[in-house]
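**Q** Here it is, the structure in full.
The values are calculated or read from the model by the stated rules, or taken from the named source; none is laboratory data. The model shown is predicted, which means the values in this text are computed figures rather than measured ones. Using ideal geometry, Cβ is built from the backbone for each residue, glycine included, and neighbour counts are taken over all protein chains shown.
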Amino acid sequence: MKFLEEYRDGELVKRIANRANELLGRIGREVKIMEVCGTHTMAIARHGLRGLFRKNLDLISGPGCPVCVTPNSGFSLVFQAAEMGKTVATFGDMMRVPFNGKSLSKLRGEGFDIRVVYSPYDALKMAEDEPEKEFVMAGIGFETTSPLFASIILECRRRRVSNLKLISLFRLIPPALDALLKAEDLHIDGLILPGHVSTIIGVKPYVDIVEKYKVPAVITGFEPVDIVESIRMILKQLVEKKSMVENEYVRTVRPQGNPKAIRLIQEVFKPVDAEWRGLGEIAESGLALKDEFKDFDAVEEYGLKPVEASEPAGCLCGQVIRGSKKPTDCKLYRRACMPDNPIGPCMVSSEGTCAAYYYAGVE
Amino acid sequence: MCLGIPGRVEEVEGAEATVSFGGIRRRVRLDLLDNVSIGDYVVVHAGFAIEVLDEETALEMLNTLREVFRE
Ligand code: SF4
C-alpha cells in the first residue's frame with residue numbers, strides 16, 4: 001500500500017540505525033529515550049527495533065495506553081453504569097480490564113448490556129435506533145479521541161438525541177510529559193512524541209516543556225523508518241547539546257495541528273485535574289464536559305460515584321506506565337499474567353506495554 | 001485502523017466518506033476535516049478521518065532520507 005511499504009524499507013532502516021549507533025558511540029553513557037504513545041510501543045516491539053541499536057540505548061515506554069492510565073476510580077464509573085442497567089458502549093480493549101475481580105466481558109456474560117463499538121459514531125447510531133434504551137459511552141483516550149466524542153455530543157444536540165451520555169475520562173498528554181520530566185528518578189534523555197496526538201494538537205504545546213526540562217523531543221510516525229529516524233534525530237540533538245521539538249511526521253502533523261479538532265475539544269470540554277494510574281493526580285490533565293453540556297454527563301445524570309479498588313497484588317502496571325519498571329521486571333509477566341488472563345490493564349490493551357512485550361516474544 | 005495506516009478516499013457523501021485501506025473499505029466520518037476530496041489519503045482514528053496525508057511531503061522526505069543515508 002502507498003506510504004506504508006516505503007516507510008518499512010529495511011535497508012534504509014538499517015542505514016539510519018547505523019548512523020544512530022555512531023552517535024550512541026560518541027555519547028558513550030547510557031541514553032534513555034521514552035516513547036509516549038502505545039502505538040509506538042507496539043510498533044517498536046513488533047518490528048524488533050530495539051535489537052538495531054547499541055546496548056547503551058534504553059528505549060522505555062511511557063503512559064501511552066489510554067486504558068492503562070485510567071485509574072480504578074474511573075473504571076468503577078463504567079461498571080456502575082452497566083450494573084445500573086444502562087447500555088454501555090465502549091472500545092474493545094476495555095472489555096477484559098480486570099477490576100475488583102470483575103470485567104465488562106464477565107458482566108456481559110451475566111446478561112448486562114455492554115456493546116463494543118469501533119467508533120463513537122456507532123454509539124450515536126445505536127442510541128437513535130433504540131430510543132427506549134439509555135446509552136452510556138466510556139470516554140477513554142487522549143487528544144486523538146476526545147475531539148471525536150466532542151463531535152458526537154454536538155451531533156446529539158443537532159439530532160435531538162437525549163438517550164446517549166458520556167463518562168469523560170479523557171486525558172491530556174502534555175501535562176503528563178511535564179510530570180514525567182519533573183520526576184527525579186526517571187532521568188529521561190529524550191522523548192519520542194506521539195504521532196496522532198500531535199496530529200491534533202500540533203507542535204506548540206510541547207515547546208515550553210522541552211525548554212523547561214531541556215530534553216530533545218521528536219514527533220514521529222509509526223513505521224520503522226519513522227521511529228528509527230526519530231531516535232537518530234534525538235541522539236543528534238544530544239550530541240549537539242540541543243533541546244528542541246522536531247517533527248519527523250511532516251506528512252501528517254501540521255505545525256498548528258488540526259484547528260477544527262482543537263475547536264471541537266474546546267467547545268465541549270474544559271481541562272480539570274485528573275488522576276492517572278502510576279502517575280497520580282496531575283493538574284489540568286483531564287477533560288470534563290463544560291456546564292452547558294452537563295445533560296450529557298452520565299456521572300451527574302445517573303449519580304455515579306467513583307469507588308477505589310486496590311491494585312492486583314504483585315502487578316507493576318503503575319510503574320510500567322511511568323517507565324520506572326519494565327514488564328520483564330514483573331514476576332507475574334508471562335507466568336500468571338498473559339493476554340488471555342490479564343492481571344493488570346497493561347496486559348489487556350494491545351497498546352499496553354506488557355501486552356506489546358508479550359506479543360513480541362520478549363522473555 | 002488507529003495504527004496510522006493511511007487510506008484512500010473513494011467516495012464522499014456529506015459528512016461521510018468511503019475509504020479503502022489496501023482494498024478493505026470502511027465508512028469514515030469527516031467531522032474533523034474540511035475539504036476532503038476523492039483520491040486523498042487520510043489518516044483514520046476510531047472511524048474518523050483526523051488528517052489528510054500530504055503526499056508530496058511524504059515522497060520528498062523519503063527521497064531525502066534515501067539520499068542522505070545512501071552509503
Ligand atoms: S505483567 Fe501483568 S501483572 Fe505484571 S505489570 Fe504487567 S499487567 Fe501487571
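**Q** If you take the residues of the range A:311-340 that are more than 22 Å from A:Pro66 (Cβ to Cβ) and either in contact with a Leu (Cβ under 7 Å, 6 or more places away or on another chain) or more than 8 Å from the ligand (Cβ to nearest atom) (or both), which of them is farthest from the other protein chains (Cβ to nearest Cβ)?
**A** Going through the range A:311-340, the residues more than 22 Å from A:Pro66 (Cβ to Cβ) turn out to be A:313-314, A:328-329, A:331-332, A:334-336.
From what's left, either in contact with a Leu (Cβ under 7 Å, 6 or more places away or on another chain) or more than 8 Å from the ligand (Cβ to nearest atom) (or both): A:313-314, A:328-329, A:335.
Numbers: A:Ala313: 32, A:Gly314: 31, A:Thr328: 25, A:Asp329: 27, A:Arg335: 29 Å.
Checked the range A:311-340; the qualifying residue farthest from the other protein chains (Cβ to nearest Cβ) is A:Ala313.
**Q** Does A:Ser230 count as farther than 21 Å from A:Ala20 by Cα, touching a residue at least 12 places away in the same chain (Cβ under 8 Å) and part of a helix (DSSP H, G or I)?
**A** When the stated conditions are applied, A:Ser230 does not pass them.
**Q** One residue is enough: does the range B:60-71 have a residue meeting the conditions within 13 Å of the chain's Cα centre (by Cα), within 10 Å of chain A (Cβ to nearest Cβ) and either surrounded by 13 or more Cβ atoms within 10 Å (Cβ to Cβ) or aliphatic (A, V, I, L, M) (or both)? Let's see the steps before the verdict.
**A** Taking the range B:60-71 first, the residues within 13 Å of the chain's Cα centre (by Cα) are none.
Looking through the range B:60-71, none of the residues is within 13 Å of the chain's Cα centre (by Cα), within 10 Å of chain A (Cβ to nearest Cβ) and either surrounded by 13 or more Cβ atoms within 10 Å (Cβ to Cβ) or aliphatic (A, V, I, L, M) (or both).
**Q** Turning to a different aspect of this structure: Please pick out the residue among A:Glu284, A:Glu275, A:Glu223 that is assigned by TED's automatic domain parsing to the domain that holds A:Phe53 and acidic (Asp, Glu).
**A** On inspection, the qualifying residue turns out to be A:Glu223.
**Q** Taking the conditions exactly as written (in the same structural domain as A:Ile231 (by TED's automatic domain parsing) and at pLDDT 95 or above), does A:Leu57 satisfy them or not?
**A** Against the criterion (in the same structural domain as A:Ile231 (by TED's automatic domain parsing) and at pLDDT 95 or above), A:Leu57 qualifies.
**Q** Restricting to the range B:28-52, name every residue that is in contact with a Leu (Cβ under 8 Å, 6 or more places away or on another chain) and more than 7 Å from every other protein chain (Cβ to nearest Cβ).
**A** B:Val36, B:Asp40, B:Val42, B:Ala49, B:Val52
**Q** Scan the range A:105-159 for residues that are within 11 Å of A:Val88 (Cα to Cα), more than 13 Å from chain B (Cβ to nearest Cβ) and either in a loop (DSSP other than H, G, I, E, B) or not aliphatic (A, V, I, L, M) (or both) and jot them down.
**A** A:Arg108, A:Phe112, A:Asp113, A:Arg115, A:Lys133, A:Glu134, A:Phe135
**Q** Moving to a separate point now. Just to be sure before I move on: is A:Thr144 buried (at least 20 other Cβ atoms within 10 Å of the Cβ), closer than 28 Å to A:Ser76 by Cα and of a type in the set (Val, Ile, Thr) in the structure I sent?
**A** yes
**Q** So, one more: Are any residues in the range A:16-48 part of a helix (DSSP H, G or I) and modelled with pLDDT under 95, and if so, which ones?
**A** Listed by number, the residues that qualify are A:Gly38, A:Thr39, A:His40, A:Thr41, A:Met42, A:Ala43, A:Ile44, A:Ala45, A:Arg46.
**Q** Just checking, does the range A:86-96 include any residue being farther than 19 Å from A:Gly190 by Cα, assigned to a helix (DSSP H, G or I), modelled with pLDDT under 95 and out of contact with any helix residue (DSSP H, G or I) (no Cβ under 8 Å at 6 or more places or on another chain)? Give the derivation first.
**A** Keep residues of the range A:86-96 that are farther than 19 Å from A:Gly190 by Cα, which gives A:86-96.
With the extra rule that they be assigned to a helix (DSSP H, G or I), the set shrinks to A:92-94.
If we keep only those that are modelled with pLDDT under 95 too, we end up with A:92-94.
Those left that are additionally out of contact with any helix residue (DSSP H, G or I) (no Cβ under 8 Å at 6 or more places or on another chain): A:92.
Taking every residue of the range A:86-96 in turn, at least one turns out to be farther than 19 Å from A:Gly190 by Cα, assigned to a helix (DSSP H, G or I), modelled with pLDDT under 95 and out of contact with any helix residue (DSSP H, G or I) (no Cβ under 8 Å at 6 or more places or on another chain).
**Q** List the pairs whose first member sits in the range A:305-316 and is without any contact (Cβ under 8 Å) to a residue 60 or more places away in the chain and within 16 Å of A:Cys354 (Cα to Cα), whose second member is within 14 Å of the ligand (Cβ to nearest atom) and of a type in the set (Asp, Glu), and whose Cβ atoms are under 8 Å apart, counting only residues at least 6 apart or on separate chains?
**A** Listed by first residue and then by second, the contacts come to A:Leu316/A:Asp329.
**Q** Filter the range A:341-354 down to residues that are within 8 Å of the ligand (Cβ to nearest atom) and either assigned to a strand (DSSP E or B) or farther than 14 Å from A:Met94 by Cα (or both), then give me how many there are.
**A** The total comes to 2.
**Q** Against the definition (more than 16 Å from the ligand (Cβ to nearest atom), within 30 Å of A:Gly190 (Cα to Cα), charged (D, E, K, R) and not in a loop (DSSP other than H, G, I, E, B)), how does A:Glu275 come out, yes or no?
**A** Spelling it out, A:Glu275 is indeed more than 16 Å from the ligand (Cβ to nearest atom), within 30 Å of A:Gly190 (Cα to Cα), charged (D, E, K, R) and not in a loop (DSSP other than H, G, I, E, B).
**Q** With the requirement that a residue be part of a loop (DSSP other than H, G, I, E, B) and farther than 15 Å from A:Met34 by Cα, what does the range A:318-340 give you?
**A** Within the range A:318-340, the subset part of a loop (DSSP other than H, G, I, E, B) is A:322-326, A:330-332, A:334-336, A:339-340.
Once the filter is applied, which keeps residues that are part of a loop (DSSP other than H, G, I, E, B) and farther than 15 Å from A:Met34 by Cα, the range A:318-340 yields A:Cys330, A:Lys331, A:Leu332, A:Arg334, A:Arg335, A:Ala336, A:Pro339, A:Asp340.
**Q** Something else now. Taking A:Val299 as the residue in question, decide whether it is of a type outside the set (Lys, Arg), within 16 Å of the ligand (Cβ to nearest atom), touching a residue at least 60 places away in the same chain (Cβ under 8 Å) and assigned to a helix (DSSP H, G or I).
**A** no
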